[in-house]
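Just below is one structure, and these are the notes that go with it.
Throughout, read-outs are computed from the coordinates displayed, never taken from laboratory work. Every value quoted in this text rests on a predicted model; they were computed, and no experiment measured them. So basically every Cβ, Gly included, is an ideal-geometry build from the backbone, and we count neighbours across all protein chains shown.
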Amino acid sequence: MKNSKVFGEAFIDMDICMLTTWRIACGIAHYAERLVNELRSQVNVEVVAVEPRLRSGADTLRHYAADARYYRRLGEQLNRGDVAHIQHQYVFFGGVAPHRAKFAHVLSAVRVPVVLTVHEVDEGSGFKAWLVQRLNRRSFLHPHVRHLIVHSASLAASLRRVGVPSEHISVLPMPIPSMRGHEFSRYKQQLGWENKTVLTLFGFIVARKGYEVALRALRELPKEFVLLIAGGKHFADRTGYVEALQADVHRLGLEERVHITGYLQEEELRDAMSATDIALAPFHAMSASASVAELLGYGKPVIASDLPPLRALAQEVGGITLFTAGDSRELAERITQVARQRAEGSVVLPPMRAGYSFRELAAATVDIYQRIV
């Protein structure tokens, strides 16, 4: 490997092939694009885009064979690099069901060292736990997987329970991008909420984020409080949760106080965040969340469930008020408290330079590449 200088930074003549979703409505695709942009100032990066193969109904042998060939071809493409870096999320590779999980086909074709960024560890329950544990061991303990990156201590603990040695795991914080400086409130005007206190939940709408807790809390609050759900249905969602949430809004008589935007492009998201007074993260469960990092990057006060990753983030960064997960009444009390602090000018906001950046993540990632080659 040769070192040279590019724009004042050390550039390493190393080729990285990164497998990820790319430029689609997917949080990991958005994350990967930011990471790749920073990595390219230090190493050569080629993106290998995965298009998740999601099927409804029964699979056929023809479907299974076609999917297996598709994922093996992706693995073969990764051999063009010195290192293969894979953004791992189960749904990208068919999920966790044994007859649909295809990540093994990717790994079977890879011949270069592999780095995995693990965004979720499913540990299952009951009989499913044995099957998922078997899948996890085949994936995370594969001999070509030389190092695993996670964004929280809880994910690292899950990997250790699978059997991954601690020295093969790096816990790198979820980057918090600085997104400030967009201060007009066009969304408030468009929605007729100019004189309202806008509470915002951001990200793809999934059950673990606790949207129903926010709806129950909203019913406890005066009508000056409204809820902006800045996001939409994930492409892989087959649960019916979004439709059930929309039905709940109607059933609770909250149509005038709740607005669901659907998926937002970055400029649209900036507009929505400019209208936000208080951000909410009422998660039931989480490992690490890019959506919470994004909220902090916009400099919004955040009220979040008292879960270990969020508690650690609150201690590290600040600007986060915690409440007991699932307790809608306590959430309503915290919203009232933070709204009063905003009115008094005493609310604690995340610092202008909050936490870890994508540039720092890229530098730590390149260090891992150099160590395993």
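Before moving on, here are some points about what is shown:
- Karplus (6.51, -1.76, 1.60) ³J(HN,Hα), θ = phi - 60°, over segment 131-144, in Hz, Gly and Pro reported as x: 5, 5, 4, 5, 4, 4, 5, 5, 7, 8, 9, 4, x, 7
- The order of the peptides 314-327, 202-215 by mean Cβ neighbours within 10 Å, most packed first, is 202-215, 314-327.
- Based on C-alpha pairs under 8 angstrom that are at least 6 apart in sequence, the chain has a relative contact order of 16 percent.
- Pairs over the 19 Å Cα-Cα cut-off, from the set K196/K300; K188/K233; K233/K300; K196/K223: K188/K233; K233/K300.
- Computed from point charges on the beta carbon alone (+1 for Lys and Arg, -1 for Asp and Glu), the dipole magnitude for the chain about its Cα centre is near 980 Debye.
- The loop-placed GluC sites (Glu not before Pro) in segment 228-299, going by DSSP, that have at most 16 neighbouring Cβ atoms within 10 Å of their Cβ come out as E255, E256.
- Structure-based [θ]222 nm, the chain - -39500 (n - 2.57) summed over DSSP H runs of at least 4, per residue, nearest 500: -12000 deg cm²/dmol
- Across segment 186-344, C-alpha contacts under 8 Å between residues 6 or more apart give a mean separation that, scaled by the residue count, equals a relative contact order of 27 percent.
- Taking amide H as placed 1.01 Å from N in the peptide plane, L19 has its amide H under 5 Å from the amide H of V48, H85, I86, Q87, each at least 5 places away in sequence or on another chain.
- Packing, taken as the mean count of other beta carbons within 10 Å per residue, orders the peptides 295-301, 78-84 from highest to lowest as 295-301, 78-84.
- In segment 186-344, a dipole from Cβ-located charges (positive for Lys and Arg, negative for Asp and Glu) runs towards its positive end, and of P308, Y187, Q265 it is P308 whose Cα lies farthest in that direction.
- Residues with amide H under 5 Å from that of S305, placed H, sequence gap 5 or more: A281, F283, F323
- Stretch gain in nm, segment E123-Y64, where the contour uses 0.36 nm per residue and the Cα spacing is subtracted: 18.8 nm
- The share of Cα pairs per 20 Å bin across the chain, counted from zero up to the longest distance, runs 27, 55, 17, 0 percent.
- If a spin label sat at a point 7 angstrom from the Cα of E360 along the line to its beta carbon, the backbone N atoms of segment 288-329 nearer than 19 Å would be those of 288-300, 309-320.
- Unit charges at the beta carbon, dipole of the chain: most positive-side option, V366, L116, A65: A65
- Estimated inter-spin distance, K223 and V373, nm [label 7 Å along Cα→Cβ]: 6.4 nm
- Pairwise Cα distances in segment 186-344 exceed 29 Å for 9 percent of all pairs.
- Using the Cβ-Cβ distance between R53 and R138 with R0 set to 22 Å, the FRET efficiency works out to roughly 0.70.
- Per-residue HN-Hα couplings for segment 162-171 [Karplus 6.51, -1.76, 1.60; θ = phi - 60°; Hz; x = Gly/Pro]: 5, x, 6, x, 4, 5, 9, 10, 10, 9
- Backbone geometry of segment 191-207 corresponds, through the Karplus equation with coefficients 6.51, -1.76 and 1.60 at θ = phi - 60°, to 3J(HN,Hα) couplings of 8, x, 10, 4, 9, 9, 9, 8, 9, 10, 9, 10, x, 4, 7, 9, 4 Hz, x marking Gly and Pro.
- Packing-based ranking of 90-101, 133-144, 302-313 yields 302-313, 90-101, 133-144, ordered from highest to lowest mean Cβ neighbour count within 10 Å.
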